[in-house]
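Here's the structure we're looking at; comments come further down.
The values are calculated or read from the model by the stated rules, or taken from the named source; none is laboratory data. Keep in mind that this is a model prediction, so the values were computed, not measured. Methodologically, a virtual Cβ is constructed for each residue, glycine included, from the backbone with ideal geometry; neighbour enumeration extends over all protein chains shown.
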Amino acid sequence: MAGQVNLTSLNEQVRLKKEITPRKYSIWAQVLRSWQAYALLAPIFIIMIVFVYYPPLLGLVRAFFNWAPNKEPVFVGFANFVSYFQYAESGREIANMTKLMSFNLISGVVVPFVMAELIFSIRSSASKEVYRLAMVIPILVPGVVFLLLWKHIYDANIGPINGLLEAIGLGLLKRDWLGDPATALYAVMGVGFPWISGISTLIVLGGLAQMPESVFDACLLDGCTGPRRWVMVDLPLSLSQVRLLIILAVINGITSIQNILILTRGGPGYATSVPALRMFLRAFTTNEYGVGSAIGVTLFVVAMGMTLLINRFVRPYNE
Amino acid sequence: MNLKQIIQHNIFHRGQPKRTWLDSQIGVHATIILLILISFVPVYLMLTLSFKNQVQYQHERYAITFPLRLGNYGAAWEYLDTYVWNTLLAAVVGFIGMLILSVIGGYVFARLRFPGREPLYYSIIMLMMVPWIVSFVPQYVLYNDLGLTNTLWAVIVLNIASGPVFGIFLLRTFFSGLPEEIFESARMDGAGHWTLITQITLPLSLPTIATLAVLNFLSTWNSYLWPMVAISDPKYQQVSVGLFQMARNLSSNLSAATEMQGGPLFAGYVLASLPMVILFFFLGKFYVEGLVESGLKV
């Protein structure tokens, strides 16, 4: 609400200023007059050009070269790309990536949305605040520690999952969750269960909090309550936030490898291997930097394409 | 009675109790608490296991056992101290550098009007769309060529250079919302940009800066792939990589005795989490509110 008021007054100011002071400077005079702004921005852009713009551009170019840190780059056309797609396990890696990405939509979008709705429906604002804080605490554990803890939970000999199965007489189901090709990929997905912690839920809560009270009264009058209201009313009204989560889930599914690197390193065999992990291994273990760059560029194009598609087809009402 | 109560009252008296499980707040509370408790399981395991000696670790793995073996923490600290100091140093220096650039950038894009402002702004914001994956390999080569690998600068420079991308985005949004009157009157009194930034903009935006601080510390503290690749000397290694090596050493070198080494390992996990817990204790409220109230979206 406050934002809107500010915005209108700001527009008002701009309009007034335009009326009072008609434009009389040429564009070059304006540039000269604002030299201070450019001077303040200059250090930022210099640092960014070297360290933030240059690497991805170099990656884009070097995807077409055969190169390594101390080697003269040789242009090889699309050979690096071909090399990856001819590789026997690439199909399997792409399938794994697709599965992980699809699952991310549940663990990174659906679950946080439901959790946010549950917290939102709490009437006592004190409990609301306690729940919001409690949800954030598990993310204070460093990512690597969190993954190592899950590795422990899945452990074949001393892990609590097998311990629990044994205790309730289902010892038959015990297995090496991360070491068994049949379960490894699902075990990777299961990390973080029940997936409520972290900022996703808070982001949806932010969207829900911006819905006007009158909407809820209208829903109540029409008898639209509970999960039905979540889907029919709340979802469309907080679509900007939900769309952000969808995009993050997809990009994460394509690019995140820290979990796989720590939990399984792609194994057993190729059961949990994904293209992004292959990029990492090709570049840093077998020194095929060109192939690594080519995989990176391909994944970037896929991620970018999916982001654009999502932006095109998931449109909030106010856009 | 508010509207909701009246309607519920009416529905009830018309004999159509459309009560779902959501109407009973107790059910919702119970569901939320159950989910939160499950998500605390790893944290609980970490804490209890960190206080166990070898016998306790093997025979009483889930319950809290007494006496608490605080010695585990000493053993873990001896292994991790360098990594923790390195990461703290890199996080603080990196954050300060990144904050200076973000504040300047946010201020210029929010409060000054000059030709090319929007194109320049979007050319920075656009960088948020470039995933790490396309720049990771060349980035390593660049830092290697500049002699930054194998020093703490590898982590610090990355933070200073790429942190402002999000920092400028967040701060510009906030700075734009500050009333122009304050700036106007300060300018009347002859304040320059430096005064406007340090005396007016900064004091008014401490909660937002707290949010940025938590996010930035979290990301430095959690970064694993980059230090693993860019730093090979244990003298400069970061805590995430150190922890992973600690876990791996314990499980590979002592194959028979893996379980016996449990306590100190988990104590190390707890130690590595403490700085974030302390930071969150002071700034957590801002962080949660900042995220919820900013209505973050694309």
Unique match (being away from chain B (no Cβ under 12 Å) and either in contact with a His (Cβ under 9 Å, 6 or more places away or on another chain) or not aliphatic (A, V, I, L, M) (or both)) among A:Glu117, A:Glu93, A:Glu129
A:Glu93
Being modelled with pLDDT under 90 and in a helix (DSSP H, G or I) is true for just one of B:Ile156, B:Ile160, B:Ile200, B:Ile168. Which residue is that?
B:Ile200
Checking the condition surrounded by 15 or more Cβ atoms within 10 Å (Cβ to Cβ), within 12 Å of chain A (Cβ to nearest Cβ) and out of contact with any Asp or Glu (no Cβ under 7 Å at 6 or more places or on another chain), which residue from B:Val93, B:Val84 passes?
B:Val84
Of all the helices (runs of 4 or more DSSP H) wholly in segment A:113-212, which have at least 2 residues that are out of contact with any Gly (no Cβ under 8 Å at 6 or more places or on another chain) and more than 24 Å from B:Ser219 (Cα to Cα)?
A:125-136, A:160-167, A:184-190
Considering each of B:Ile168, B:Ile209 in turn, give the residue that is of a type in the set (A, V, I, L, M), within 12 Å of another protein chain (Cβ to nearest Cβ) and either touching a residue at least 60 places away in the same chain (Cβ under 8 Å) or in contact with a Cys (Cβ under 8 Å, 6 or more places away or on another chain) (or both).
B:Ile168
Are any residues in segment B:160-216 of a type in the set (Lys, Arg) and closer than 30 Å to A:Ile49 by Cβ, and if so, which ones?
B:Arg172
Might you let me know whether segment A:306-317 holds any residue that is within 19 Å of the chain's Cα centre (by Cα) and at the interface with chain B (Cβ under 9 Å from one of its Cβ atoms)?
yes
Residues of segment B:23-60 being under 22 Å from the mean Cα position of the chain (by Cα) and more than 9 Å from chain A (Cβ to nearest Cβ), which ones?
B:Leu37, B:Tyr44, B:Leu47
Limited to segment B:123-139, what total is found for residues that are among the hydrophobic types (A, V, I, L, M, F, W, C) and not in a helix (DSSP H, G or I)?
1
Restricting attention to segment B:145-152, does a residue exist that is in a helix (DSSP H, G or I) and either surrounded by 21 or more Cβ atoms within 10 Å (Cβ to Cβ) or within 7 Å of chain A (Cβ to nearest Cβ) (or both)?
no
State whether the residues of segment A:264-286 include one that is outside any helix (DSSP H, G or I), more than 11 Å from chain B (Cβ to nearest Cβ) and of a type in the set (Phe, Trp, Tyr).
yes
If we scan segment B:156-164, do we find a residue that is more than 7 Å from chain A (Cβ to nearest Cβ) and either of a type in the set (D, E, K, R) or more than 22 Å from A:Ala42 (Cα to Cα) (or both)?
no
Filter segment B:110-119 down to the residues that are part of a helix (DSSP H, G or I) and within 18 Å of B:Arg187 (Cβ to Cβ), then identify the one that is farthest from the other protein chains (Cβ to nearest Cβ).
B:Ala110
